[in-house]
Amino acid sequence: MPAPPIISVSNLSKTYATGFSALKAVDLEIKQGEIFALLGPNGAGKTTLISIICGLVTPSTGTVLADGHDIRDDYRAARSAIGLVPQELTTDAFETVWSTVSFSRGLFGKPKNPAYIEQVLKDLSLWDKKDTQIRRLSGGMKRRVLIAKALAHEPRILFLDEPTAGVDVELRQDMWQMVRRLKESGVTIILTTHYIEEAEEMADRIGVISKGEIILVEDKTELMRKLGKKQLTLQLQQPLAALPPALSDFGLKLSAAGDEIVYTYDTKAERTGITTLLQGLAEADIRFRDLSTSQSSLEDIFVSLVKERA
């Protein structure tokens, strides 16, 4: 039997007093030990969804189970399974790195474990800054401290809300190495991001949210298979009223003006079918002036999905 999902969201909605509907009947299951990327434009509902799962915002309807615990009825147990790295840098400026991270562990009632805190700080390249006040750190170092605080109580689930927005390339690389190590240790990671290449590189599955609705959840490899599709566009010498039946097997699309044929093919397939198509066109006496190829990216898929729902 497959393991139960570590996070289960059902029929989750959030409408604010102003009447703004931030989430609409969201259903989502996140598997134990996966990296799940939640993509969506600004205002799509990413942060609201995370805030509800983490118990920071009360939903209007629906239920959330985190590690088997209801986030409302069994708040402490659910919340102690979760680490959250927020977008905003909010830390006690006059505390040292060591004391603020140790304090975060104590908040969840965990016994002191200096060896564990030391390891977290070393993993995040913060060990040499352990006695430095937060206010004296650079923005990138403060971001590392937020991650250390989120990991201080050894959570099984880690939320990263736009974790690399505005950080330098070196920190981004460090962060992804750490995320991979956490995944190997069994931690489930959910990240929201604007950086589509980040989701491509890191995620096992990708969810797309738009206007408060989850419009797609798919394995990254399946999405990448779609990405492997290329389009060949042929500009015809003479417009066609219709495609000849002999070419029906190719799934061609004829432009509205009849002057372009578009052929979509899989770059990862053994045969693209282009040679056969060109032979078929010659036999049908269809001549073209020019041809070009283009490949869709995850960004294209994302944009077209969001547009479809607009």
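So I have (i) 80, 43, 43; (ii) 57, 48, 37; (iii) 79, 45, 40, and one of them is Cα extents along the principal axes in Å calculated from this model. Which one is it?
Looking at Cα extents along the principal axes in Å for this model, the match is (i).
With just the Cα atoms defining each centre, how far is the range 70-113 from the range 123-148? Give it in Å.
One Cα centre to the other: 16 Å.
Please rank VAL101, VAL120, fewest neighbouring Cβ atoms within 10 Å first, as an exposure proxy.
Details: VAL101 26, VAL120 22.
Ascending number of Cβ neighbours within 10 Å: VAL120, VAL101.
What's the exposure ranking of SER102, SER185, SER60, going from fewest to most Cβ atoms within 10 Å?
In increasing order of surrounding Cβ atoms, one gets SER185, SER60, SER102.
Return the single residue from LEU234, LEU182, LEU137 with maximal mean-square fluctuation; model: Gaussian network over the chain, springs between Cα atoms under 10 Å.
Per the Cα network of the chain with a 10 Å cutoff, LEU234 tops the list.
Relative contact order for the chain: what is it in percent, counting Cα pairs under 8 Å that are at least 6 residues apart?
19
Within the set LYS129/LYS149; LYS220/LYS253; LYS31/LYS220; LYS122/LYS149; LYS31/LYS110; LYS14/LYS46, which residue pairs have Cα atoms separated by over 20 Å? Numbers along the way, then the final one.
Details: LYS129/LYS149 14 Å; LYS220/LYS253 27 Å; LYS31/LYS220 14 Å; LYS122/LYS149 13 Å; LYS31/LYS110 25 Å; LYS14/LYS46 12 Å.
The answer is LYS220/LYS253; LYS31/LYS110.
Quick one: net charge of SER21's neighbours, Cβ under 12 Å, K/R +1, D/E -1? Don't skip to the end; give the middle numbers.
Values: positive: LYS14, LYS24, LYS211; negative: GLU213.
After counting each charged neighbour, the total is +2.
Rounded, prolate or oblate: which one fits the range 1-98, using the alpha carbon gyration tensor with axes a ≥ b ≥ c (rounded when a/c is under 1.5, else prolate when a/b beats b/c, else oblate)? Can you show the working numbers first?
On the way: a/c = 1.59, a/b = 1.12, b/c = 1.41.
Oblate, since a/c reaches 1.5 and b/c is not below a/b.
Compute the length gained on full extension between SER292 and LEU278: take 0.36 nm times their separation in residues and subtract their Cα-Cα distance, giving the result in nm to one decimal.
Gain in length upon complete extension: 3.7 nm.
Using only the alpha carbons, work out the radius of gyration and Dmax of the range 160-218 in angstrom.
Rg and Dmax of the range 160-218, Cα atoms, are 12.2, 34 Å.
In the range 169-253, which GluC sites (Glu not before Pro) are in a loop and have at most 10 other Cβ atoms within 10 Å, using DSSP for the loop call?
Filter output for the range 169-253: empty list.
Starting from the 7 Å offset along Cα-to-Cβ, what nm value, one decimal, do you get for the label separation of TRP176 and ASN113?
Between TRP176 and ASN113, the label points sit 2.9 nm apart.
Amide H of LEU236 versus every other amide H placed in the peptide plane: which residues, excluding those fewer than 5 positions away on the same chain, fall under 5 Å?
Excluding prolines and chain starts, which carry no amide H, the hits are GLU260, ILE261, ARG289.
Would you mind finding the longest exposed-site-free stretch of the chain, with exposed trypsin sites (Lys or Arg not before Pro) meaning DSSP loop and at most 12 other Cβ atoms within 10 Å?
113-267
Just for the chain, what percent of DSSP beta bridges are antiparallel, to the closest 5?
65
Bear in mind that the values in this text are calculations on the coordinates, not laboratory data. It should be emphasised that the depicted structure is a prediction, and the values quoted were computed from it without experimental measurement. Every residue, glycine among them, receives a Cβ derived from its backbone with ideal geometry; neighbour counts consider all protein chains shown.
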